[in-house]
Every structure is written in C-alpha cells, then in structure tokens.
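The structure under discussion appears below in the form of structure tokens.
The values are calculated or read from the model by the stated rules, or taken from the named source; none is laboratory data. Since the model is a prediction, treat every value here as computed from it, not as a measurement. Note that we place each Cβ from the backbone using ideal geometry, even for glycine, and neighbour counts take in every protein chain shown.
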Amino acid sequence: MKGRERIAVLTAADFTTARLIDEAGLPMILVGDSLGMTVLGYTNTLPVTLEQMLHHTAAVRRGAPNAMIITDLPFLSYQASVADAITSAGRCLKEAGADGVKLEGGEIRVPHVRALVENGIPVLGHIGLLPQSVHAMGGYRVQGKTVEDIERLLRDARALDEAGVFAIVLEGMPADTARRITEAVSVPTIGIGAGPHCDGQVLVVNDMLGMTERPPKFVKRYADLRAAMQQAFTAYRSDVVEGRFPGPEHGY
C-alpha cells in the first residue's frame, strides 16, 4: 500500500469495537497496550501483562475476521532476551489469533526483529515517543526535534527496515522528521502525532470517539460518545427511579 493508498488503523480491545471497525473496512487493528489506561485504568502501559494482551487480542480476533490484527508485546515480555520475544510473540499468534506483533525500539531491537521474522512472525516496529520508556524519557515528550535526535531516529528506522519489519509506527515527532523517515525506508510508516506525511495513521479508538477526558493534541475527535453515554446513563437512572422503565412494551 505504500505510495498507493493511505493506511487507516485504529486500536481495539473488545469484540464489539473490533466488529464495527472491521465492518468499516479498516485494513488493520492494533490491540495496543494503551488498553492499560483505556480499559484497565492504569496510569501508563507498564503494568499490562502478556496474559491481558492475549485475552483482549482473542476478543478482537473474534470480532474482526477480515482485518490484520497486530498485538502490542507488553513491557518486559520481550526486552530481556530474543528467546522471550519469540515465546511471547508466538503465543500472540498461536493462542490469540494475532497476525503479527508490535514492539518498541530501534537499533537495539534488531536482533529481536530478525529472530521473529525468521520464525514467521510479522513485526510492526515503533520508534519516536515510546510509552514503555516513559520514565526513561522523562514523560510523554515529543522526539526528533534536534539534528542529533533526527539522525538517531533515521538510523533506527533504517535498521528496523533492514531487519524485516513490515511497517513502522512513528509516534510523537515533528511532521518534517516523520516525512524524512517515511522517505528513507521501504516499508510503510504509520503516524500517531507525527503529522500528515506518513503512509498511514493510527489513533486510540477511545480518543477519536471522544471518550477520553483529556485527549492528546494530535487527536481529531470524530464523535462525542462520552457525552452521549453520560446522557444515556442519566436518563436510564431517571426512568428507573421514576418508574418509567420498564414499560408495558418491555414485558413478556
């Protein structure tokens, strides 16, 4: 699809959301470890376990038989060794039905990527702002603003490309930096907070549906489900308290 068609990607963590995304014709769904915040209520992605990712990936797979399903390998499920990466990624495909996995990091992850690809596991790379390295980065900070950082990101992207990733997520970087990376690699780039020059875009579904109280700056809100759900819950409570629900039409 690189150079021919922009790639629209969304996250999902449950059957119903995955089914609706699949019906909309999106080619790829990411079961992101962002579900740690959006579904499980953590403050960041670090507490998410592999077992939780397997659980949610299986639900998404059942809901989306047509889309390519990619699972985030969570923190400490792949960093310690290449063997850990193969085992964790293999479980995502074998037990949960994923089509591939995503892991964070550039040149340092080349051995992991090569081993996974050689063992038949498609890999989506991820560079720039790395949520699993939030403490090392001093928070969620934009990357690739200095010449040195840009050169480092270019090296990371080229290394992942040569190692065999099928695409690379570019997160939290200036648009021009993302453009240079996109032009420098043979595989598609999928941007999130990286401007319009990537080959595709990904958003966390809760953000774009307006369910997040304070979404990041780069998010475009396509609906206001937060307000709609609050209105529905309030109306339901009122109907129950006042005796309007259930009515005759809701009985057997």
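From the list ILE69, ILE121, ILE86, the one residue that fits, being farther than 19 Å from VAL202 by Cα, of a type in the set (Val, Ile, Thr) and in contact with a strand residue (DSSP E or B) (Cβ under 7 Å, 6 or more places away or on another chain), is ILE121. The set of residues in the range 224-252 that are among the charged types (D, E, K, R), in a loop (DSSP other than H, G, I, E, B) and surrounded by 12 or more Cβ atoms within 10 Å (Cβ to Cβ) contains only ASP224. I'm trying to understand the selection: among the residues of the range 112-158, which are more than 21 Å from SER77 (Cβ to Cβ) and of a type in the set (A, V, I, L, M, F, W, C)? Answer for the range 112-158, where residues must be more than 21 Å from SER77 (Cβ to Cβ) and of a type in the set (A, V, I, L, M, F, W, C): VAL142, VAL147, ILE150, LEU153, LEU154, ALA157.
Residue under question is ILE168, and the condition is that it be in a helix (DSSP H, G or I), of a type in the set (A, V, I, L, M), out of contact with any Phe, Trp or Tyr (no Cβ under 7 Å at 6 or more places or on another chain) and under 30 Å from ASN119 (Cβ atoms); does it hold?
No.
Listed conditions (1) without any contact (Cβ under 8 Å) to a residue 60 or more places away in the chain; (2) out of contact with any Lys or Arg (no Cβ under 7 Å at 6 or more places or on another chain); (3) surrounded by 15 or more Cβ atoms within 10 Å (Cβ to Cβ) are all met by VAL31, apart from (1). Answer yes or no: is there a residue in the range 176-187 that is surrounded by 12 or more Cβ atoms within 10 Å (Cβ to Cβ), touching a residue at least 24 places away in the same chain (Cβ under 8 Å) and part of a loop (DSSP other than H, G, I, E, B). Among the residues of the range 176-187, at least one is surrounded by 12 or more Cβ atoms within 10 Å (Cβ to Cβ), touching a residue at least 24 places away in the same chain (Cβ under 8 Å) and part of a loop (DSSP other than H, G, I, E, B), which makes the answer yes. Looking at (1) within 27 Å of PRO215 (Cβ to Cβ); (2) touching a residue at least 40 places away in the same chain (Cβ under 8 Å), which one does GLU95 not meet, given that it meets all the others? Failing condition for GLU95: (1). Can you find a residue in the range 208-223 that is at pLDDT 95 or above and in a helix (DSSP H, G or I)? Among the residues of the range 208-223, at least one is at pLDDT 95 or above and in a helix (DSSP H, G or I), which makes the answer yes.
Scan the range 205-252 residue by residue and report those that are free of Cβ contacts under 8 Å to residues at least 12 places away in the same chain and within 30 Å of ALA18 (Cα to Cα). Show your work before the answer.
Looking only at the range 205-252, we keep the residues that are free of Cβ contacts under 8 Å to residues at least 12 places away in the same chain, and these are 214-215, 228, 230-252.
Of everything in the range 205-252, those that are free of Cβ contacts under 8 Å to residues at least 12 places away in the same chain and within 30 Å of ALA18 (Cα to Cα) turn out to be ARG214, PRO215, ALA228, GLN230, GLN231, ALA232, PHE233, THR234, ALA235, TYR236, ARG237, HIS250.
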